Amino acid sequence: MSENSEILVHVKDVEKVFRRGSEEIHVLAGLDLEVPIGEFLALMGPSGSGKTTLLNLIGGLDRPTRGSVVIQGERIDQLSDRRLAGWRARHVGLVFQLYNLLPVLTAERNVDLPLLLTNLSKADRRKHVETALSVVGLSHRAKHFPRQLSGGEQQRVGIARAIVTDPTLLLCDEPTGDLDRKAGDEILDLLQALNREHGKTIVMVTHDPHASARATRTVHLTKGQLSSEAIA
Amino acid sequence: MKFLYLVGCNLRRKKLRTILTLLSILIAFLLYGFLCAVKEALNAGVSIAGADRLVVRHKVSLIQLLPVSYKDRIALIPGVDAVEHQTWFGGIYQDPKNFFAQMPVEPEPFLDMFPEFVISAEAKERWLKTRTGAIVGRKLAERFKWKVGDRVPIQATIWTQKGGETTWEFDIVGIYDAGKKGVDTTQMFFRYDYFDEARAFGEGQVGWYGVRVKDPARAAEVARKIDEEFANSPAETKAEPEGAFVQAFAKQVGDIGTIMVYILSAVFFTILLVAGNTMAQAVRERTEELGVLKAIGFTNAQVLSFVLAESCFISGIGGLSGLGFAWLLIAAGDPTNGALPVFYFPTGNLIVGLILVVVLGLVTGIVPALQAMRLQIADALRRT
Ligand SMILES: Nc1ncnc2c1ncn2[C@@H]1O[C@H](COP(=O)(O)OP(=O)(O)O)[C@@H](O)[C@H]1O
Ligand SMILES: [Mg+2]
């Protein structure tokens, strides 16, 4: 298992087939991807090309039909459901296009959610939540419910929730897809800062070239295969 | 414990729906409690009937009277331990709505036959000394605020006195208590000798006999011997176990009760189905949220238990308060003003009710909980 220590994510020869009734949908076909530590990778491609599917495989939300997903030297596609859940809690922060906050919880409660799965004391959890909210610049909105926040603010809460456990890997699925340009830029600023200043490794799905321009590298997904740096 | 607010906050999501669901469960269990009390009331007496006691009545019907002379003849039949007799008086106190039973009896044989009617030795002594004396049940005394020493007038509907007087006056000499649960304490018993001498007609006639047999195992045999003794006489008898007698008596009101029990049961289960469906619906609406929880790292088992905890919580709050209210209302007493003299929440039914509360919580929760558990994260998130 002596992977190159520089490589955090290693997707090897992955195939993903969905079955819808008798129909088979081949989404990924022998795909390879390596993400070094500290990279901010943009994953682009047309709608339906399989970007979310690939991100789900890297985040341990789904399993490949064939091939392997190795993260920090661990084959996560072979973990049991239970251990995979624990692995996600420890190593992955997820940011969704539609924020996916729990509407019944305040911003700070939403951010606190992943910490419930740790052994931290209540006081420590509070400290982590405060830090995460201040990183995204929303300390003053801690007690607000999602519906009381703008889209951009909700997404920042989403990012705070994703980073509160200090995960190895930050996975963002079209994080600016539902935001206007200004709010989107703020989110991209934030992700860039997390990458540059906090050294977070980020994989971001987007089909906005404006967004991918912020990344350190861009890959394109077409016909189940990746083509690197098609457009710089 | 730190997960508790995750369950709690979901109940606040749609407050109106939660409140309506809680209310319908509450009403269902209130209904259930009442149902049990009514059912128990209709069967009252059957369950406390002595296995060693027979009732001997006129073969044709309960309204036909028997000669008082049968008492000595029954006492002589082998296997008979003791005999007493009672007669339906059917009087009214102040208002026909104030229904309760009154019976003339012979104090000593009567008290000996029914040890479940408990009175003090002094009260018994007073009764034996007072010709117009009557003993009343605790509930009856409380209902009309009667005390020992009170004189109560009862209007006869059947038994007028010699000279046409229809009002009978009785002196309350004692109040009896229930010696065990389910004993009717809404009755009044007064002295047969006073009754027999004062009534305008029917002297020497009584309503029915209570007979205690020496060996309960041979009760049927003794009953047959009693009926044989009076066969081919002008007043033939029908002897049967006390339980069967009470049941036949209760049947007269019981059929309406049975229909009511069926209707209320149907209502109860309908409400539970509706409430259960609402709870399942509430979980289904949150599929993506459950998907997010899993994506964050909550395990399948955790998600399953959140959903189950939620349904059990609703069912618990609604069900327990329903049973609680039922308990309070039933404790407040017979709602029919006398038609259901024994009215209480049977412990056995209460326990069944508590079990039903848990079952409701699990049953309504388990289907959505399993769905939530099996939910593929990728699919759940795809819905958005
Ligand atoms: N769970 C699934 N079941 C069936 N088909 C799926 C499933 N998930 C994705 N697909 C299909 O796989 C293809 C890629 O989907 P997705 O990864 O969401 O694309 P993208 O994110 O690039 O828009 C689509 O054709 C989609 O319909
Ligand atoms: Mg997608």
Carbon plus sulfur fraction of accessible area for chain A, probe 1.4 Å, in percent: 47 percent
What angle do you read, to the nearest 10 degrees and between 0 and 90, between the alpha-carbon axis of helix B:287-296 and the longest principal axis of chain B? 60 degrees
Nearest-0.05 FRET efficiency for B:L320 and B:D193, computed from C-beta distance (R0 56 Å): 0.55
Can you compute log10 of I(q)/I(0) for chain A with the Debye formula, treating each Cα as one identical point scatterer, at q = 0.13, 0.14, 0.16 Å⁻¹? -0.77, -0.90, -1.15
Which FRET efficiency value, to the nearest 0.05, is calculated for B:V152 and A:R147 with the Förster distance at 56 angstrom and r the Cβ-Cβ distance? 0.20
How large is the accessible surface per residue of region A:50-105, computed with a 1.4 Å probe and reported in Å² as a whole number? 36 Å²
For region B:260-337, what are Rg and Dmax over the alpha carbons, in angstrom? 18.2, 62
Label points 7 Å out from Cα along the Cβ direction at A:H140 and B:V363: separation in nm? 5.4 nm
At the nearest 100 Å², what buried accessible area, both sides summed, do you get for B and A when the probe is 1.4 Å? 2200 Å²
Along its three principal axes, how long is region A:68-131 when you only count alpha carbons? Whole Å, largest extent first please. 38, 30, 20
Taking accessible area as the heavy-atom solvent-accessible surface of the protein chains with a 1.4 Å probe, which residues of region B:261-296 lose no less than 40 Å² upon going from the isolated chain to the full protein assembly? B:E289, B:V292, B:A295, B:I296
Just which residues of region A:106-147 lose 50 Å² or more accessible area with every protein chain there, against their chain alone, with the probe set to 1.4 Å? A:L113, A:L116, A:L117
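Using the structure shown, select from B:K97/B:K129; B:K97/B:K181; B:K97/B:K139; A:K143/B:K294; A:K200/B:K294; B:K39/B:K97 the pairs with a Cα to Cα distance greater than 28 angstrom.
Values: B:K97/B:K129 32 Å; B:K97/B:K181 26 Å; B:K97/B:K139 16 Å; A:K143/B:K294 24 Å; A:K200/B:K294 23 Å; B:K39/B:K97 22 Å.
Flagged as over cut-off: B:K97/B:K129.
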Of the convex hull enclosing the alpha-carbon atoms of region B:53-253, the direction-averaged projected area in nm² is 11.5 nm²
Taking Cα atoms only, helix B:347-374 is inclined relative to the longest principal axis of chain B by an angle, in degrees rounded to 10, of 20 degrees
Plugging the Cβ-Cβ distance of B:D81 and B:I263 into 1/(1 + (r/R0)^6) at R0 = 56 Å yields, to the nearest 0.05, a FRET efficiency of 0.80
Considering amide H positions built from the backbone, and no H for Pro or chain starts, which residues 5 or more places from A:K16, or on another chain, come under 5 Å of its amide H? A:V27, A:L28, A:A29, A:G30, A:T65
Given the protein chains as shown and a 1.4 Å probe, how many square angstrom of B:T185 are accessible, to the nearest 10? 10 Å²
If the cut-off is a Cα-Cα distance under 22 Å, which lysines reach A:K12, setting aside same-chain residues fewer than 8 apart in sequence? A:K51, A:K223
Shielding of A:93-102 by other chains, given as the mean Cβ count within 10 Å, works out to 4
Working note, chain B: Cα radius of gyration (Å, one decimal) and Dmax (Å, whole number) are 29.1, 96
A:I37 versus B:S233: modelled label distance in nm, points set 7 Å from Cα along the beta carbon direction: 11.0 nm
Using the crude model of +1 on Lys and Arg Cβ and -1 on Asp and Glu Cβ, and no other charge, please compute the dipole size for region B:53-253 relative to its Cα centre, in debye to 20. 500 debye
Calculated Rg and Dmax of the protein assembly as shown using C-alpha coordinates, Å: 40.3, 123
For region B:53-253, dividing by residue count, accessible area per residue (probe 1.4 Å) in Å² works out to 47 Å²
Taking θ as phi - 60°, what are the ³J(HN,Hα) couplings along region B:118-127 by the Karplus curve (6.51, -1.76, 1.60), each to the nearest whole Hz, with x for Gly and Pro? 9, 10, 6, 4, 5, 4, 4, 4, 4, 5
With θ set to phi - 60° and the Karplus curve 6.51 cos²θ - 1.76 cosθ + 1.60, what are the ³J(HN,Hα) couplings of region B:65-82 in order, to the nearest whole Hz, using x for Gly and Pro? 8, 10, x, 5, 5, 4, 4, 5, 5, 5, 4, 7, 5, x, x, 8, 9, 7
Helix B:219-229 against the longest principal axis of chain B: what's the angle in degrees, Cα atoms only, rounded to the nearest 10? 30 degrees
Highest GNM mean-square fluctuation, chain A, Cα pairs closer than 10 Å: which of A:D166, A:D208, A:D77? A:D208
Quick check: pseudo-label points 7 Å beyond the Cα along Cα→Cβ at B:T167 and B:R138, how many nm apart are they? 3.2 nm
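The values are calculated or read from the model by the stated rules, or taken from the named source; none is laboratory data. This one's a predicted model, so the numbers in the text were calculated from it and none came from an experiment. Positions of Cβ are backbone-derived with ideal geometry, glycine not excepted, and every protein chain shown enters the neighbour counts. Surface areas here come from the heavy atoms of the whole protein model, side chains and all, with no ligands, DNA or RNA. Shrake-Rupley method; radii C 1.70, N 1.55, O 1.52, S 1.80 Å.
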